[in-house]
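The values are calculated or read from the model by the stated rules, or taken from the named source; none is laboratory data. What you see is a predicted model; the values in this text were computed from it and never measured. Backbone-built Cβ (ideal geometry, glycine too); neighbour counts: all protein chains shown.
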């Protein structure tokens, strides 16, 4: 599995303590350039745990995870991925522009928010000089997505992309994710919402059932 894949998860198991059951059981998954996977399931089913393992934020109890051929916690893998979780990692006291510039420096890339097509696509331009702490949840989420993509990663891992967004933002984000895939970015997304697969045309759809990853409605490439 996964020759040349951007993300490989091979026979991955996860539990958080020996007194509790397995959260994930024998999960195997591979994403290549331009491929998209949507993982669905109710809250508590293990979706976010799966995504965090792909991002190197949680270690598997068993099995192998590789991003761009490297362990996900490695410097090389972190350079190859962008991660958007449900909570913001932006600094509330800084403006959107200041946050994006800060993260660009961390990644060692030249960056101009004014010239960023993601900022334009998500309608963020008018909020560039607004402090993040003054933004609504939805606008803060858009800023976090721009932050995750400013270094042009090969893999985007995004938790519940459409939660908390209005209809206009949902359409803009769905279009952006499709454009990223066409540009060769692999996208791993999770959602508890029914119907999310209709917004993510061409994504392979899976669901988590009792810790196992099984093909979901709409799967088929």
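What to note about this one:
- Of all residues assigned to region 84-104, at least one qualifies as being within 30 Å of residue 25 (Cβ to Cβ) and buried (at least 21 other Cβ atoms within 10 Å of the Cβ).
- A single member of 142, 131 is surrounded by 20 or more Cβ atoms within 10 Å (Cβ to Cβ) and over 26 Å from residue 29 (Cα atoms), and it is 142.
- Picking from residues in region 162-176 that are under 28 Å from residue 4 (Cβ atoms) and touching a helix residue (DSSP H, G or I) at 6+ places or on another chain (Cβ under 6 Å), the one that is surrounded by the fewest Cβ atoms within 10 Å (Cβ to Cβ) is 174.
- In region 189-201, the residue that is modelled with the lowest pLDDT out of those that are closer than 22 Å to residue 148 by Cα and part of a loop (DSSP other than H, G, I, E, B) is 192.
- Unique residue being surrounded by fewer than 17 Cβ atoms within 10 Å (Cβ to Cβ), at pLDDT below 95 and within 30 Å of residue 9 (Cβ to Cβ) when the list is 108, 184: 108
- Flag if residue 156 is within 21 Å of residue 95 (Cα to Cα), crowded, with 18+ Cβ neighbours inside 10 Å and under 18 Å from the mean Cα position of the chain (by Cα): no
- 1 or more residues under 15 Å from the mean Cα position of the chain (by Cα) and within 24 Å of residue 170 (Cβ to Cβ): qualifying strands (runs of 3 or more DSSP E) within region 30-127: 36-40, 81-84
- Filter pass, residue 51 being in contact with a strand residue (DSSP E or B) (Cβ under 6 Å, 6 or more places away or on another chain), at pLDDT 95 or above and within 18 Å of residue 79 (Cβ to Cβ): no
- Region 142-172, residues that are assigned to a helix (DSSP H, G or I) and within 21 Å of residue 103 (Cα to Cα): 142, 143, 144, 145, 146, 147, 148, 149
- The set of residues in region 27-36 that are surrounded by 17 or more Cβ atoms within 10 Å (Cβ to Cβ) and within 17 Å of residue 63 (Cβ to Cβ) comprises 27, 29, 30, 31.
- Residue within region 72-81 that is at pLDDT 95 or above, at positive phi and in contact with a strand residue (DSSP E or B) (Cβ under 6 Å, 6 or more places away or on another chain) present: no
Every residue, every condition in (1) touching a residue at least 24 places away in the same chain (Cβ under 8 Å); (2) more than 25 Å from residue 135 (Cα to Cα), yes or no:
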| site | (1), (2) |
| --- | --- |
| 59 | no, yes |
| 66 | yes, yes |
| 74 | no, yes |
| 77 | no, yes |
| 84 | yes, no |
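- Scan region 2-26 for residues that are surrounded by 16 or more Cβ atoms within 10 Å (Cβ to Cβ) and over 22 Å from residue 80 (Cα atoms) and the total you get is 6.
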